[in-house]
1. Using a Gaussian network for the chain with springs between C-alpha atoms less than 10 Å apart, which of these wobbles most: 304, 270, 141?
2. Sort 52, 293 by accessible area with a 1.4 Å probe, largest first.
3. Got a sec? What order do 257, 161 fall in by accessible area at 1.4 Å, biggest, i.e. largest, first?
4. Suppose every Lys and Arg Cβ carries +1 and every Asp and Glu Cβ carries -1, with no other charges. What dipole size does region 1-44 come out with about its Cα centre, to the nearest 20 debye?
5. What ³J(HN,Hα) values, in whole Hz, does the Karplus curve 6.51 cos²θ - 1.76 cosθ + 1.60 give for region 112-129 when θ = phi - 60°, with x put for Gly and Pro?
6. Counting only pairs 8 or more residues apart or on different chains, how many lysine pairs in region 33-137 have their Cα atoms under 22 Å apart?
7. So how far, in whole Å, is the C-alpha centre of region 379-401 from the one of region 142-208?
8. What FRET efficiency do you get for residue 155 and residue 400 if R0 is 35 Å and r is their Cβ-Cβ distance, rounded to the nearest 0.05?
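The values are calculated or read from the model by the stated rules, or taken from the named source; none is laboratory data. If you're wondering where the values come from, they're calculated on a predicted model, not measured in any experiment. Here the Cβ positions follow ideal geometry from the backbone for every residue, glycine too, while neighbour counts run over all protein chains shown. Calculation scope for accessible area: heavy atoms of the full protein, side chains included, ligands and nucleic acids excluded. Shrake-Rupley method; radii C 1.70, N 1.55, O 1.52, S 1.80 Å.
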Amino acid sequence: MNKVVVGAQWGDEGKAKITDLLAQNADLIIRYQGGCNAGHTVVAHNKTFKFHLIPSGILYKGKTCFIGAGTVILPEYFEEEIQGLIKEGIDVTGLKINPLASITMPYHTEVDGYSESTATKGKIGTTKKGIGPTYTDKMARIGLKIQDLYSPELSEKLDIILPLKNKTLKEVYGLKTYTKEEVLDLCEKYAEIFKPYVCFDWQKVLEDAKRDKKAVLFEGAQGVMLDIDYGTYPFVTSSNPIGGGAATGSGYGPAMIDEVIGVAKAYVTRVGEGPFVTELTDKTGDKIREIGHEYGVTTGRPRRCGWFDAVTMKYAVLVGGLTSVALTKIDVFDTFDEIKVCTAYKDTRNGEIYTSYPTDVFIHKYLEPVYETHKGWGQDITGIKEYEKLPENAKKYLARLEELLEVPISIVSVGPDREQTIFK
Ligand code: IMP
């Protein structure tokens, strides 16, 4: 069975744990989009590892881990991440980079930083890792790919790219320009960094795995609501975290995918700017943040917290292509008397009720959540390993979410450890 793990909300849903669990039974793990804007922590071998780009499956021996063509790679960050793993004695020989992946150049991070620091209205709240500008250049066909670093035609390519780049850097942003020699020096350095991992025969590796019916795990980053096409645009990332992104970013087509598992928290969090109808700016929000340790791995920012939003989640089931849901952090509600679930939005201008997700996010400021309230279970469920042993109120709550979402909740996570997982 080939599975895709997708974030079903605004990222940070606890994908790392689910990916880690599923990676045990996978032969090939492919990260298909995003870059080092993602961040997750995995505890293994009694140590804590922070991952941004490298699939955490690398912690298991004998797995092939690909950084796919749909990703963008910031070389210095990659270097730091890989050296950290090597220092801890992790065998990284299974790591492969698709030569079609894009490179984040210093001017991309500079433009990202500039845009974020000068924007007042319309600020996105990016991770400032150059993600948007790298994808912009990729789509404008003036980006650099890993394979370019080893190409005898690199110099010729730079003759096309650089005049355009420098004009924009100078005239639009008022930023530093780059000479061809500077960029060639950078490329030489990057070529060395990536050399041990670039997989020029990636087609053969993928073909062989397909022929031998190896189990493939497609690892998504961020979440459906941050998707460039379907998310809360423009407050999104610049790639396709949806299940379909696995088919464009991995090197395999959609027929290779058997299941799409959407990871969602029992509540919602978001970092950065953008609409969030169920956001709680009161004590309840603070309580969720403190119990759930909701602070960003990449930026350390406190996450915005709110009640579970079945409106966006139903949308995520559709556009994300979810076949089931892994619900995480349900134990955060152990001490809650009441748990709310948003089932619709009400337009405060005219009373209109939306049960489908309204994609024009500029009207979201007029929307308020319509909630149903569930009774809490008032007990510690972090030690429960079987679904049947969950308290009745927890089971009722899960059954109601399944009814609203119209897909099964196949995994329930009741704590950070691998053992704290209920397979239904
Ligand atoms: P960018 O991906 O750095 O361009 O940021 C765009 C938006 O996506 C911002 O709101 C970020 O906070 C958000 N974002 C990017 N990566 C992640 C992630 O891994 N988890 C949660 N939010 C993210």
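1. 141
2. On the way: 52 25, 293 135 Å².
My answer, sorted largest first, is 293, 52.
3. Numbers: 257 40, 161 5 Å².
In descending accessible area the options line up as 257, 161.
4. Working: 4 positive and 4 negative charges, 10 e Å.
For this selection, approximately 40 debye.
5. Result, ordered by residue: 4, x, 4, 4, 6, 7, 9, 5, 10, 7, x, 4, 8, x, 6, 7, 6, 9 Hz.
6. 16
7. 52
8. Numbers: r = 62 Å, r/R0 = 1.76.
With R0 = 35 Å, the Cβ-Cβ based efficiency is 0.05.
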